[in-house]
Amino acid sequence: MAKNNVTRDTYLVGIGVSPGIAIGQVNLLDQRYPVYEFSIEPDEIDAEVARFREAVAEALAQLNRIKERVSGQVHLREHLYILDTHMLILEDDMLIGETEAAIRTQRNAESALRQVLRKLRRLFDNIEDEYLRERRSDVDAVGERLLRILCGASERMISRVEKQSIIVAHDLSPTETMQMDRSRVLGFLTDRGGRTSHTAILARSLDIPAVVGLETVTALTQDRQTIIIDGESGIVILNPSQETISEYRQRKKDYEQLEHELEDYRHLTAVTTDGVRISLCGNLEMESEFKLAHKHAAEGIGLYRTEFLYLGRQQPPSEEEQFSAYCSALERMEGQPVTIRTLDIGGDKFVPALNLEDEVNPAMGLRAIRFSLQEETLFRVQLRAILRASGKGPVRIMFPMITGVAEIRACKRILVDVAAELQHEGIACNPDLPVGIMIETPSAVMIAPFLAQEVDFFSIGTNDLIQYFLAVDRGNEHVAYLYDPFHPAILRALKMTCDAAHDAGISVCICGEMAGEPLYTLVLIGLGLDGLSMNPSCIPRVKRVLRNVSRKQGQDLIEKLLSLPTSKEVSAAIDQEMRTLLPDLFNRPLL
Ligand code: PEP
Ligand code: MG
């Protein structure tokens, strides 16, 4: 579709990475500058290398200036490391040294730089881990900065864009995003990007609605055109009609009103109308989420994914590093419990520092607790750090992907041994810290009554549980239609697990994505869950449902659902019940 024949109300759908609705004028930042590539004579090489080095020095100076400018802004302080990362890339031999080497093969600097960037992009594209793959954008951003300097193009001054702008760009570097002025920029859209890119993380920190991964938005938009974006659903509307604009103005008002109302939930207890108290905790996979956990009054961390401590580095983190990260979690949660899950790598989580072998079937391979039990030295380092932190505050430990009693017994044996070792060294720890397991395999569900005898709590990992129960790869878009939390088998698995926990007198919570979805809240309460742990920003919406329903209503719903043979019927029954009980919340149209 060419720019000029985009019709009224053209909908695009991308990845909504920062919620909120914005209606404004496009500020298209993608006016490209010409880059000339050619070969040079041998006697021009030294001058060309010198020109490239000057560009590198100028790029460093620009980054320093930006750092000075934004370092006074408190909400951005924790992201300043992005600028440091870019400065480090400017010293990296893979980019700088290789470009100089390419210039010496008689390429001009622009052409040499582009050649090296292409090579680096290929390397990054082959990385399986989504988080690491998206770090490619940092290298791209530095490359783009250097190319602009070499071509004499001016820096894109995002801090100066017109008021009421919705920025549309092929890609935005984190450095650019960081400089956005909330009083000018209403939202932004990019062709590229994913959910875990730094740019997306920053959009959430800045509270700017954003949709990324739109692929064609720069090709379809024109400067100053009116546009609507919904950063939650990822919907973008080009050339909206007056009617659509009015509708979205209303939705924006409703959204803001809702956000405002939801702030009040911070002070309210998570309790059902019949007095059942459910603990609502936060899941944590990166430092910046502590702030959100605090904002939404999470009652603790229900899942601390320790994998993120191992990402983006050559060596696994030392005992000291881990200890200090866990202590910092305790401090930041101000006395609330922190549930630390031991390393859960393998499957779709690739950690280069651990040199895992390629496996034909990684989801069922040497992952999670299997890896830890095999690499006992590494496991002991983590257990020492967790146990030491338990001497400082309310730490709970949790083991991932348990399939049998022998595994949990082996974990406990090593844990007791490590605790004794610490006590022998005179190092404080809590040898009686609560020990729990993730219930995320069919075998764990089937033997839940035995497992419940071994531990203090269960936490159901529905993300994996659904994958293993329904034999559907959770990351494969071709079978995504089968990945179904409403499947009658999943309902039964959840019920068996909750019943086994309660028969044994231990607590059970869910820390998979299902926990944060308000549509499932009543079902989960009906199943008897004691706690839900989720992305902290989901807490207010879940709490709102929770405070308006009773466990009895949930139990009645479960009874009905258990008689239904298909996901479709289960899903329709839940939908119907929620619309009837809470029409204000669940009768909202999707588009
Ligand atoms: C899960 O499987 O539901 C879970 C919470 O763990 P992860 O998503 O980290 O595998
Ligand atoms: Mg899991």
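The values are calculated or read from the model by the stated rules, or taken from the named source; none is laboratory data. Just so we're clear, the structure is a prediction, and the values are computed from it rather than from any experiment. Ideal geometry is used to build each Cβ from the backbone, glycine not excepted, and the neighbour counts take in all protein chains shown. SASA here: full protein model, heavy atoms, side chains in, ligands and nucleic acids out. Shrake-Rupley method; radii C 1.70, N 1.55, O 1.52, S 1.80 Å.
Worth pointing out:
- Whole-number percent relative contact order across the range 268-581, with pairs defined as alpha carbons under 8 Å at least 6 apart: 20 percent
- Take T269: with every protein chain present and a 1.4 Å probe, its accessible area is about 60 Å².
- Expressed as a fraction of 2.2 N^0.38 Å, the C-alpha radius of gyration for the range 268-581 is 0.98.
- Taken as Cα centroids, the range 10-26 and the range 104-153 sit 28 Å apart, rounded to the nearest whole angstrom.
- Table column - 3J(HN,Hα) (Hz), the range 416-424, Karplus curve with 6.51, -1.76, 1.60, x for Gly and Pro: 4, 4, 5, 5, 5, 4, 5, 5, 4
- Only helices enter this figure: runs of n ≥ 4 DSSP H residues, each worth -39500 (n - 2.57), summed and divided by the residues of the chain, yield -13500 deg cm²/dmol at 222 nm to the nearest 500.
- The range 16-27 - phi-based ³J(HN,Hα) in whole Hz, Karplus 6.51/-1.76/1.60, Gly and Pro as x: x, 10, 8, x, x, 10, 10, 10, x, 9, 5, 10
- Under the criterion of Cα pairs below 8 Å and six or more residues apart, the relative contact order for the chain equals 14 percent.
- Each eigenvalue of the Cα gyration tensor of the range 476-537, multiplied by 5 and square-rooted, gives one semi-axis; in descending order these are 22, 15, 10 Å.
- Taking every alpha-carbon pair under 8 Å whose residues sit at least 6 apart, the range 42-151 reaches a relative contact order of 34 percent.
- Overall form of the range 221-332 per C-alpha gyration tensor (a/c, 1.5; a/b vs b/c): oblate
- Cα extents of the range 387-453 along the three principal axes, largest first (Å): 41, 21, 17
- Distance cut-off 48 Å, percentage of C-alpha pairs in the chain lying past it: 17 percent
- Part-to-part distance (alpha-carbon centres) for the range 203-271 and the range 408-442, which is given in Å: 46 Å
- Cα shape, the range 42-151, gyration tensor, a/c 1.5 rule: oblate
- Neighbour-limited loop hits for GluC sites (Glu not before Pro), the range 317-417 (at most 14 other Cβ within 10 Å; DSSP other than H, G, I, E, B): E334, E357, E359
- Percent carbon-and-sulfur accessible area, the range 268-581, ignoring ligands, DNA and RNA, probe 1.4 Å: 52 percent
- Computed with every protein chain present, the accessible area of C509 is close to 20 Å² [probe 1.4 Å].
- For peptides 510-519, 256-265, sequence by mean Cβ density within 10 Å, most packed first: 510-519, 256-265
- Cα shape, the range 178-244, gyration tensor, a/c 1.5 rule: prolate
- Distance violations [Cα-Cα > 31 Å] among K412/K568; K291/K495; K67/K253; K392/K495; K163/K295: K412/K568; K291/K495; K67/K253; K392/K495
- A straight line joining the Cα centroids of the range 53-69 and the range 505-554 runs 49 Å.
- Average accessible area per residue (Å²) across the range 342-495 - probe 1.4 Å, nucleic acids and ligands excluded: 43 Å²
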